[in-house]
Amino acid sequence: MFTNVTTSFWQGIRKTNPFLLSKSFSYRMNHFNASLVPKDFRPFRIGLIQLASTSNKDENLKNARSQISEAVQNGSKMVVLPECFNSPYGNQYFNEYAETIEKTSPTYNTLHSIAKELKVYVFGGSIPERKDGELYNTSMVFNPYGDLIGIHRKIHLFDVDFPGKMTFRESETLKSGNSMTIVETEFGKIGLGICYDIRFPELATVAARNGCSMMIYPGAFNLTTGPLHWELLARARAVDNQIYVASCSPARDVSATYHAWGHSTVVGPDGVVLSTMDEKPGIVYADIDPEKMASIRKSISLYTQRRFDIYSETKPLKLNEN
Ligand SMILES: O=C(O)CCC(=O)C(=O)O
């Protein structure tokens, strides 16, 4: 009964407005009832561990354990470590510190046992990984049972040149990963990228379109690009997709060869910084709340207003000919 009334209502309207028969209209109608937040998204507290990493791997792993324990005591259900958290960052170190991803490797073993003992999701920053004779910049993710539920190999390698300031070419030693990573947690799906990956908006957008409520980026920006882009990129990925974004850096060590920017940050789906810090060691906490996402998505309805009929990559580009 109700359907008939609705149908005849629309039939009447369409007679008077041919636009309503167009493809873009039917696209919008098909997506009109799409829920505002991913169905599996639940509230939780996240803790970003801005670790003071040294050249001593065992010390770094011990330090990570005690910081994660503190974050869990303070209510974190998910914790994030920084990029290259258990070694110095630099081409000259990757080979020496590299590990394989297997249960007997020190970092796998430590993160697995921390996650299981403390019953927490551990996004294990990244480590130099050795695989099939190549080196990768790799992140492991463990669930609260200690199971490895995700492996992300940095896709976009950090090759930049700022004359007189800094030059870095990760591709001299590392190979790039070839796939996106989305992990399923009890709090929802989360997309994962490593540092320079944050500069490529497609990764976050595709993850968001596939139901991710958050992107996590372990990173180690520097004193040149950190002040320029670290916060801007996290906010951009968040506001473009109306998702949460968390970027976790090592603390700055001015006696090391690479000086990390620090400023680990969580940004909300409205693009506002929820929580951040300076360059010193510490933990950044944020409460992740589906209501906040629903609210911004209700006010600014990007998800129902997208015009894939105009800019879908799978269709030929439609240019304005006027
Ligand atoms: O994109 C940047 O400016 C910094 C990236 C970086 O440090 C990295 O990918 O390790």
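With among the hydrophobic types (A, V, I, L, M, F, W, C), away from the ligand (no atom under 14 Å from the Cβ) and part of a helix (DSSP H, G or I) as the only criterion, which of 246, 207 stands out? Reasoning before the result, please.
Values: 246 fails: part of a helix (DSSP H, G or I).
Every option except 207 fails the conditions.
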Query raised in the report: Looking at the range 118-133, which of its residues are buried (at least 24 other Cβ atoms within 10 Å of the Cβ) and small (Gly, Ala, Ser)?
Result: 124, 125, 126
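State whether one or more residues within the range 134-144 are surrounded by fewer than 22 Cβ atoms within 10 Å (Cβ to Cβ) and not in a loop (DSSP other than H, G, I, E, B).
Yes, because at least one residue in the range 134-144 is surrounded by fewer than 22 Cβ atoms within 10 Å (Cβ to Cβ) and not in a loop (DSSP other than H, G, I, E, B).
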Report summary line: Checked against (1) surrounded by fewer than 24 Cβ atoms within 10 Å (Cβ to Cβ); (2) touching a residue at least 12 places away in the same chain (Cβ under 8 Å); (3) of a type in the set (Gly, Ala, Ser); (4) farther than 20 Å from residue 188 by Cα, residue 105 satisfies every condition except (2)
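Matching residues to (1) of a type in the set (A, V, I, L, M, F, W, C); (2) surrounded by 15 or more Cβ atoms within 10 Å (Cβ to Cβ); (3) modelled with pLDDT of 95 or more; (4) assigned to a strand (DSSP E or B):
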residue: 3; (1), (2), (3), (4): no, no, no, no
residue: 9; (1), (2), (3), (4): yes, no, no, no
residue: 25; (1), (2), (3), (4): yes, yes, no, no
residue: 36; (1), (2), (3), (4): yes, yes, no, no
residue: 39; (1), (2), (3), (4): no, no, no, no
residue: 48; (1), (2), (3), (4): yes, yes, yes, yes
residue: 61; (1), (2), (3), (4): yes, yes, yes, no
residue: 66; (1), (2), (3), (4): no, no, yes, no
residue: 75; (1), (2), (3), (4): no, no, yes, no
Report task. Could you tell me whether the range 183-203 includes any residue that is assigned to a helix (DSSP H, G or I) and polar (S, T, N, Q)? Result -> no
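Scan the range 146-179 for residues that are part of a strand (DSSP E or B) and within 16 Å of the ligand (Cβ to nearest atom) and report the count.
Of the residues in that region, 10 qualify.
The values are calculated or read from the model by the stated rules, or taken from the named source; none is laboratory data. Source: prediction; values computed, not measured. Every residue, glycine among them, receives a Cβ derived from its backbone with ideal geometry; neighbour counts consider all protein chains shown.
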